Amino acid sequence: RWCGGKQTRDRSEGDQTPPCLTRHRGAKMLSTQLGSSTRCLARAMASSGAGQLGHPMLYAPTQRLAARPFYGKASPRAFSAQAPGSRIDASSIKIEKTKSPKAKPPLDQTLPFGRVFTDHMLEIEWTRDAGFGTPRIVPHHMLELDPSVPALHYGVQCFEGMKAYKDASGGLRLFRPDLNMTRFDRSCRRLSLPDIDREGMQKCIEALCRVESDWVPDTDGCSLYLRPTCIGTTAFLGVSEPSSALVYVIACPVGPYFANGFAPVKVLAETNYRRAWPGGTGDSKVGGNYAPGLLPQKESSQKGFSQVLWLFGDEEFVTEVGAMNLFVFWETPDGKKELITAPLDGTILPGVTRDSILRLTEQWGEFLVSERPFTMPELAVAVSEGRVLEVFGAGTAAVVAPVNGIGYKGEELVIPCGADGKAGALTKRLFGAISDIHYGRSEEQGWSVVIP
């Protein structure tokens, strides 16, 4: 509990949550919780106004599901104030079809992830003076870049991950694409890349999906993975805001994350490396968040673990697992069932699947749903007392990924994974509920968007 900032709601008892906390108050509260190595960062955030991109250090679930923020308040810098052409005009999109279509592999559950690419890609050039140019759908091709571009030297690049699905009638659908566009826009602004016209960008992505409709699998569990990307392209060896950029989207058909049913993984609670820190880019989808995780991942694999469980601070706060958000379903010391995940404090990526899980479980109203800090020692005690029911990661690729073991301080904590040893009841229920929305078998708050 952060200074009494309880971020839980027991629907069965009608508890009311406290109002949202501002980023300054949140930073001060964070400072009281972190160890000496990180307090200075938290104090600096509170005094300097860090977090002007709008993410609150903490927020509490509100009474109405629709009011839950995916991010905090919007940045004061809006694309409407940029140069003419800053909006993306999807109505002017130009399409150049390939003259050499690729041979399609079987679009079934044997599809690998990220290795087979479709025939076309979307490109939109941007310059500071002219804004966004005409969107183009062109044959998939190699990029030609000057060796000095900041995307290669200073990590001035960000991306998104989303999927298109084919429903039973052959129609194409996107899952909550507005959240992907919101996160893409904020990631760009965090790196001083151009603000993204979210509505125009989504329409261009829909146009790409229509062109590549034959590449979208109609097999359950399969989809067309979409990778919107923005890179700084200014030819200049200097650390500065880019004056030109390229937005592009590539696509690849993918099979299910678990081709043969759930396969739980063991993760290593990492105590030497850190994924993110206050005031950094942990809540943005930038390449610089991922490359530093390759060495810890390699080291954990050498020890027999599949993923890294990222901890933070001297107190060892539990944050994320691998490249996914982490959820723990347990019983509290007073016997209440609770689904808990780390709060959006600026170090956690606001995952679309994460948000969907929180909304669905709140709607079910069967147990506590909490966004609050918790530590690895707390989790270890709960395991030893038999109070942990399930642990799973959540993300676009897998939807949910069960965890059956956690390596921590030389010991392996055994995590229950249901009667079959593959996944717990809640993990399976969430996977089924979200998958049904993906393919249009269930409608939930307009989350499944039909591509016209």
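The values are calculated or read from the model by the stated rules, or taken from the named source; none is laboratory data. Here the structure is a predicted model, which means the values were calculated and not measured. Cβ placement follows ideal geometry from the backbone for every residue including glycine, while neighbour counts extend to all protein chains displayed. All accessible areas refer to the heavy atoms of the entire protein, side chains included, with ligands and DNA or RNA removed. Shrake-Rupley method; radii C 1.70, N 1.55, O 1.52, S 1.80 Å.
Which of rounded, prolate, oblate describes the range 154-284, given a ≥ b ≥ c as roots of the alpha-carbon gyration tensor eigenvalues and a/c under 1.5 marking rounded, otherwise prolate only if a/b is larger than b/c? It comes out oblate by the Cα gyration axes. State log₁₀ I(q)/I(0) for the range 301-442 at q = 0.10, 0.13, 0.17, 0.20 Å⁻¹ as given by the Debye formula over alpha-carbon point scatterers of equal weight, solvent excluded. The Debye formula, applied to the Cα set alone, gives -0.31, -0.54, -0.96, -1.37. For Val400, the amide hydrogen comes within under 5 Å of the amide hydrogens of Gly395, counting only partners 5 or more places away or on other chains and with H modelled in the peptide plane. Does the range 91-160 come out rounded, prolate or oblate, given a ≥ b ≥ c as the square roots of the eigenvalues of its C-alpha gyration tensor, rounded meaning a/c under 1.5 and, failing that, prolate meaning a/b above b/c? Oblate, since a/c reaches 1.5 and b/c is not below a/b. Applying 1/(1 + (r/R0)^6) with R0 = 25 Å to the Cβ-Cβ distance of Lys94 and Leu152, what FRET efficiency is obtained, to the nearest 0.05? E(calc), rounded to 0.05, equals 0.35. Straight-line cross-link reach from Lys337 at under 16 Å between alpha-carbon atoms covers these aspartates and glutamates, not counting any fewer than eight positions away in the same chain: Asp10, Glu13, Asp15, Glu362, Glu366, Glu371, Glu378, Glu385, Glu390. Of all aspartates and glutamates in the structure, those lying under 18 Å Cα to Cα from Lys102, and not within fewer than 8 positions of it along the same chain, are Asp119, Glu212, Asp214. Of the peptides 134-145, 258-269, 437-448, the ranking by mean beta-carbon count within 10 Å, highest at the top, reads 258-269, 437-448, 134-145. Electrostatic bookkeeping for Phe159 treats Lys and Arg as +1 and Asp and Glu as -1; over the other residues with beta carbon under 15 Å from its beta carbon, the sum is +3. Per residue, the average separation of C-alpha pairs within less than 8 Å and at least 6 apart gives the range 157-272 a relative contact order of 28 percent.
Within the range 312-364, the ratio Rg/Rh, alpha carbon atoms throughout and Rh by Kirkwood, equals 0.99. Residue ranges 394-407, 207-220 sort as 394-407, 207-220 when ordered by packing (mean number of other C-beta atoms within 10 Å per residue, highest first). The residues of the range 363-452 expose on average 39 square angstrom of accessible surface per residue, using a 1.4 Å probe on protein heavy atoms. Extending each Cα 7 Å along its Cβ direction at Ser384 and Asp334, get the distance between those two points in nm, one decimal. With each label placed 7 Å out from Cα toward Cβ, I get 2.4 nm. Leaving out ligands, DNA and RNA, what percent of the accessible area of the range 109-158 is carbon and sulfur, probe 1.4 Å? Of all accessible area on the range 109-158, carbon and sulfur atoms account for 52 percent. Average accessible surface for the range 244-320: 40 Å² per residue, computed with a 1.4 Å probe over protein heavy atoms with every protein chain in place. Element breakdown for the range 230-376 at a 1.4 angstrom probe: carbon and sulfur atoms account for 53% of the accessible area. For the range 244-304, the square roots of the Cα gyration tensor eigenvalues, ordered a ≥ b ≥ c, give a/c of at least 1.5 with a/b no greater than b/c, which places it in the oblate category. Filter Lys163/Lys422; Lys266/Lys303; Lys163/Lys203 down to the pairs with a C-alpha to C-alpha distance above 20 Å, please. In this structure, Lys163/Lys422 exceed 20 Å between Cα atoms. A simple spin-label model places pseudo-atoms 7 Å from Cα toward Cβ; at Phe113 and His140 they are separated by 1.8 nm.
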